[in-house]
Amino acid sequence: MKVIIVKDYEEMSLKAFEVMSEVVKNKPDAVLGLATGSTPIGLYKNMIKDHKENGTSYKQIKTVNLDEYAGLDYSSDQSYVYFMRSNLFDHIDIDLANTNIENGKATDRQKECDRYNALLEVMQQDIQVLGIGSNGHIAFNEPGTPFGSVTHIVDLAESTIKDNSRMFASIDEVPRQAFTMGLKNIMNAKKVLILANGANKAKAVYGLVKGEVTENLPASVLQLHPDCVLVCDEAAASLIK
Ligand code: GLP
């Protein structure tokens, strides 16, 4: 794993943009695996700025997102499909028909997981962007998720519900379940770009980089990936220095 430690969130976002930019420039029809959460917002801002200022085009780019809350769809401003549109897709020239995310409102949830897995089979990510949960989760793969998992429905951990409640009016509104790509789907990406900032991620970052490779800390599986780059700020890197 390549580890890049930078000063702060701004620098992390810029460095992440450089990594992303290389993929997009080298392959204008690349498949980008994208993530939600507050961590990648700065990366997306840099992509938007570059699109507006330098004309980088996303017309042929395809995307697959990691996860979506079960029960929410694009009409909910807490849904991840809404997040992707407002933080990236609506500000670049991407064709929305080329963007993919699990359908949170699917009534047959297993069928939806099967559909997404079939899609991922034919859309290998040229790059997969990841954040990390404070408990070491990636996407919504909570501690204990098998490394061989593919897209599935998950019961969110109490710590995740608490962490993510800041985005909702109250903790009661946070969905208790979500669709998520599995760890095997993530590991299948050609390149992984994982981002972390802030002191509350320091323990998870330690497990990611220096801990034992264990299903108890899902992100640790990335130690086995042949091309994984971690960009993190000093606060998140405090325990690995
Ligand atoms: C959520 C998402 C993850 C994300 C994590 C961290 O649970 N499913 O993909 O990495 O939160 O979020 P944040 O970047 O807001 O700290």
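Brief remarks on what is shown
- Filter result for Ala204 (among the small types (Gly, Ala, Ser), farther than 16 Å from His152 by Cα and crowded, with 19+ Cβ neighbours inside 10 Å): yes
- Note on region 210-241: residues that are under 20 Å from Gly182 (Cα atoms) and touching a Leu at 6+ places or on another chain (Cβ under 9 Å) amount to 12.
- So Ser79, is it within 13 Å of the ligand (Cβ to nearest atom) and touching a residue at least 12 places away in the same chain (Cβ under 8 Å): yes
- Strands (runs of 3 or more DSSP E) wholly inside region 54-150 containing at least 2 residues that are open to solvent by less than 40 Å² (accessible area, probe 1.4 Å) and among the aliphatic types (A, V, I, L, M): 127-130
- Residues of region 129-147 that are away from the ligand (no atom under 13 Å from the Cβ) and farther than 27 Å from Val19 by Cα: Gly144, Pro146.
- Scope region 82-127; condition among the polar types (S, T, N, Q), within 16 Å of the ligand (Cβ to nearest atom) and either at pLDDT below 95 or touching a strand residue (DSSP E or B) at 6+ places or on another chain (Cβ under 6 Å) (or both); matching residues: Asn100, Gln125
- Selected residue (criterion: nearest to the ligand (Cβ to nearest atom)) from residues of region 50-76 that are among the aromatic types (Phe, Trp, Tyr) and touching a residue at least 12 places away in the same chain (Cβ under 8 Å): Tyr69
- Scanning region 151-161 for residues that are at pLDDT 95 or above and either open to solvent by 50 Å² or more (accessible area, probe 1.4 Å) or polar (S, T, N, Q) (or both) returns Thr151, Ile153.
- Candidates are the residues of region 162-180 that are of a type in the set (Asp, Glu) and loosely packed, with under 14 Cβ neighbours inside 10 Å; the one that is nearest to the ligand (Cβ to nearest atom) is Glu173.
- Any hit, region 36-44, residues being more than 16 Å from the ligand (Cβ to nearest atom) and either touching a Phe, Trp or Tyr at 6+ places or on another chain (Cβ under 6 Å) or not β-branched (Val, Ile, Thr) (or both): no
- Subset of region 1-49 [of a type in the set (Asp, Glu) and surrounded by fewer than 17 Cβ atoms within 10 Å (Cβ to Cβ)]: Asp8, Glu10, Glu18, Glu22, Asp29
- Among the residues listed as Leu156, Leu183, the single one being within 12 Å of the ligand (Cβ to nearest atom) and under 17 Å from the mean Cα position of the chain (by Cα): Leu156
The values are calculated or read from the model by the stated rules, or taken from the named source; none is laboratory data. Predicted, not measured: the structure shown is a model, and the values here were computed from it. Neighbour counts run over all protein chains shown; Cβ positions are idealised from the backbone, glycine included. Areas reflect the complete protein model, heavy atoms only, side chains present, ligands, DNA and RNA absent. Shrake-Rupley method; radii C 1.70, N 1.55, O 1.52, S 1.80 Å.
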